[in-house]
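Notes to accompany the following structure.
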Amino acid sequence: MFTAVPGRRVPELLRHKTVAAAVADSLRQRILNGELRPGIQLRQDALAEEFGISRIPIREALLQLEALNLVKIVPHRGAVVSGLSVEEVEDIFRLRVQLEPQLLPLSVPHLTDEDFQDLRAVLKAYGEALSGGEVMRWGELNRRFHFDLLRHADRPRALTIVSGLLQDCDRPTRLQLSASGDVARAHDEHAQILALCEDRKVEAAAEALRAHIENVGVCLVAVYRDGLARL
């Protein structure tokens, strides 16, 4: 799969690092799109055979993924795809339900026409990514939409917490959408929240946001409990 250019001498260490980066990128994409689910063991010998390379760059690639918190190096098991427990998912969404609907009324009055234009662009891109099956973009665009609604709340500590929670939801959100297939509902609920914000119907927007987060959380916990994600 990874072949040196004929006639070009590449230092061995550099070659291993270049190959390791390519392997890490390939595995990263497979983890993020749900192909490699949490709890799956990544065996170095099997990966070396799959990629047609030695175990040295495989080991380096797994260390890179560990630094990104995508895998855990577990004694006697090797590298295992990391993930959240059901209890952690429940905690994340419980916190989001508490924080985001409280921050939204503080942010909406300060959202400008330009902000709403940007939010509509994100929503449009989100809808296109959902309908086009661009799984890798779902989490990122979902995170941007939610955070950009709240960004003018002037509560820096709370926003920092929400930003971290949304980041933690990146992979689980893709898993929930992939497993449930309910992409139309996700887009429609976002559109409803944005329309209420543009109409300055703050209380209704906050309640719609609360219901949306609760629904996603319930669906995701069900996915985990049904064993579609092995943690």
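Please treat every number below as a calculation from the coordinates, not as lab data. These numbers come from a predicted model, not from an experiment. Cβ: placed from backbone, ideal geometry, glycine included. Neighbour counts: every protein chain shown.
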Original post:
For the chain, what is the relative contact order in percent, using Cα pairs closer than 8 Å and at least 6 residues apart in sequence?
Top reply: 24 percent
Original post:
Hey, quick one: spin label on residue 112, modelled 7 Å out along Cα-Cβ, who in segment 151-195 has an amide N within reach, i.e. under 20 Å?
Top reply: 151-156
Subject >> Angle in degrees between helix 156-168 and the longest Cα principal axis of the chain, rounded to the nearest 10 >> reply: 50 degrees
Subject >> Helix-only CD estimate at 222 nm, as mean residue ellipticity for the chain, using -39500 (n - 2.57) per DSSP H run (n ≥ 4) >> reply: -23500 deg cm²/dmol
**OP:** For the chain, state the semi-axes of the equivalent ellipsoid (square roots of 5 times the eigenvalues of the alpha-carbon gyration tensor), sorted largest first and rounded to whole angstrom.
**Re:** 39, 20, 16
Original post:
Nearest 10 degrees, 0 to 90: what angle lies between the long axis of helix 170-180 and the longest principal axis of the chain (Cα atoms)?
Top reply: 80 degrees
**OP:** For residue 207 paired with residue 44, estimate the spin-label separation in nm (one decimal), with each label point 7 Å from Cα along the Cα-to-Cβ line.
**Re:** 5.8 nm
Subject >> 0 to 90° range, to nearest 10: angle between helix 202-225 axis and the chain longest Cα axis >> reply: 30 degrees
Original post:
What FRET efficiency comes out for the pair residue 30/residue 167, r = Cβ-Cβ distance, R0 = 22 Å, nearest 0.05?
Top reply: 0.65
Original post:
Amide H to amide H under 5 Å from residue 42: which residues, 5+ apart in sequence or cross-chain, H placed 1.01 Å off N in plane?
Top reply: 79, 80, 81
Subject >> Over segment 12-81, volume per residue of the alpha carbon convex hull, in Å³ >> reply: 80 Å³
Subject >> FRET efficiency, residue 225 to residue 67 (Cβ-Cβ, R0 35 Å, nearest 0.05) >> reply: 0.70
Subject >> Modelled FRET efficiency - R0 41 Å, residue 95 with residue 188, Cβ distances, 0.05 increments >> reply: 0.95
